[in-house]
Amino acid sequence: MKRTLKALTLGLALTASTAGAQTTVTFWTWYLSPKFDGYIKDTIAAFEKANPGIKVQWFDKQDSMVQDFIASVNLGSAPDVVNLNIDETQKAAQNGFLTAVNTLTSPATLRSTFYPQSLSNFTSGANTYAYPWYGWLNEGVLLYNPDLFKKAGLTRAPRTASEMLTYAKTIKDKTGAYAWVPALKDPNTASFLGYFYAEGLPVTDASGKAAFNTPAHATLLAQYVTLYRGGYVPEDAVRREAFQLATELYAQNRVAMIIGGPQALTRIKDTNPGLYARTVVTQAPLGKAGVQTGGSMGLVIPKASRNPQAAAKLAAFFTNNANQLAFARVVPVVPTTKGAQTSTQFKTSGSDPVARATALVGASGRLINPGYRAPGNSDDLYKNFNDNIEAALLGKKTAQQALADAATYWNANLKK
């Protein structure tokens, strides 16, 4: 009897010790709550079931994400897994905040899971600093209002970026609606750098110095200046984020086309279901380089994480092929996993516009490429670049002078 009681006591002690040894992983995401609470919570529950020794605490950050992350690192209280985009990952890695994920997960496993370009987007030097997560394509697909096309006398969608510029005048002159809303100076990025890349024009040289101060770059910018100053682009395009403005005006029959990801359709479906049902979805027109530009989110592991191995398990779980495909069924994101390329869910589209758009881009994650490497002080350089673009659009500088001034500032203040 004494032996039995002793064994029972020892068993209870071991159970208590195991329970007490449970690891808690803190997980921060960016702008995913409340819309995607169901998916995130279900995926966390599946992870905890597969890893009973790990508990996940999830927090969704919004406007304050980057500031909160930097503050947490400085205070020594960093979360274990953080959702950052490509630019912010590169900056955090350059500042020494992150653990290279290739030291936590074998490079062979990373290469077999993700597209090469997806890994390259989050690689600096010899190391990769994030598990690539969901992505998007800037060009993505073209959505258009067939009623406005008919009124304008157009029988097909534009097939090139240069045709888009021609359509801008035709549609506005004949219908009064804008053709589309180009991203002129979106916040926290530099849209024209992407336009240059798409047209096969260099953005930076090998050392990161500005290479966008040439007559060819100025000619392209001048074409947009002419459209803007001629009233062929919404005046608010220099003040508001293009995606927000485009989806708002499209639903009001005041914009004929949207270039971008299928996400735009989810908003149109809510605000104008009739127009949503009539919307035509087709391939996006591309620039001379014939490339898609885009970006993705990644999951990083801060050096200050107290549980890097458990954190790596969580990050790898969320970004695996099955869970990225599951996320793409909830919202039309572009998975960054190789397995998505042959997934059957992107091979059939039916008649629903979102399904058609998702089928066109869902298996295209291999194309996600920002087109240029973000500098260490991208916020500062992008702001100056955008300010100069705005000066050209408003007629305060010529296109050539605006780019010359932006290049001078870029090269004088570049931090690698």
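The values are calculated or read from the model by the stated rules, or taken from the named source; none is laboratory data. For clarity, every value in this text was computed on a predicted model and none was experimentally measured. These area figures cover heavy atoms from the full protein model, side chains too; ligands, DNA and RNA do not enter into them. Shrake-Rupley method; radii C 1.70, N 1.55, O 1.52, S 1.80 Å.
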Whole-Hz ³J(HN,Hα) from phi, Karplus 6.51 cos²θ - 1.76 cosθ + 1.60, for region 224-232, glycine and proline x: 6, 4, 4, 5, 5, 6, x, x, 8
For the chain, share of DSSP beta bridges that run antiparallel, in % to the nearest 5: 65 percent
Accessible area (Å², 1.4 Å probe, nearest 10) - TYR39: 30 Å²
Gyration tensor (Cα) of region 326-367, equivalent ellipsoid semi-axes in angstrom: 16, 10, 9
Lysine pairs meeting the criterion (Cα under 24 Å, 8 or more apart or interchain), as found in region 210-365: 4
Lysine-lysine proximity count for region 121-236, Cα under 29 Å, sequence distance 8 or more or distinct chains: 10
Sulfur and carbon atoms: percent of accessible area, the chain [1.4 Å]: 53 percent
Heavy atoms of VAL141 accessible to a 1.4 Å probe, total area in Å² rounded to 10: 0 Å²
Proportion of all alpha-carbon pairs of region 46-146 beyond 22 Å (%): 44 percent
Where the Cα pairs of region 165-280 fall when distances are cut into 5 Å bins, in %: 2, 11, 19, 20, 18, 14, 8, 4, 2, 1, 0
Angle in degrees between helix 399-413 and the longest Cα principal axis of the chain, rounded to the nearest 10: 30 degrees
Hydrodynamic radius (Kirkwood) for region 249-290, which is based on Cα pairs only, to one decimal in Å: 11.3 Å
Rg ratio (alpha-carbon, reference 2.2 N^0.38 Å) - region 260-321: 1.82
Per residue Cα convex hull volume in Å³ - calculated over region 259-416: 180 Å³
Hydrodynamic radius (Kirkwood) for region 351-416, which is based on Cα pairs only, to one decimal in Å: 14.5 Å
Mean-position separation - Cα centroids, region 41-64 and region 360-402, in angstrom: 35 Å
Reported label for calculated volume of the Cα convex hull per residue in Å³ given (i) 156; (ii) 196; (iii) 144: (i)
Choice from ASP186, ASP380, ASP42 showing the highest fluctuation, given a GNM over the chain with Cα pairs closer than 10 Å: ASP42
Quotient of Cα Rg and 2.2 N^0.38 Å for region 222-351, N being how many residues it contains: 1.37
Accessible area (Å², per residue) of the chain, counting only protein heavy atoms and a probe of 1.4 Å: 45 Å²
Rg/Rh for region 317-397, where both radii come from Cα atoms and Rh is the Kirkwood radius: 1.20
Region 43-102 - Debye-derived log10 I(q)/I(0), Cα point model, q = 0.21 Å⁻¹: -0.95
Residue-level accessible surface for LYS185, protein heavy atoms, 1.4 Å, Å²: 40 Å²
Proportion of all alpha-carbon pairs of region 177-233 beyond 13 Å (%): 65 percent
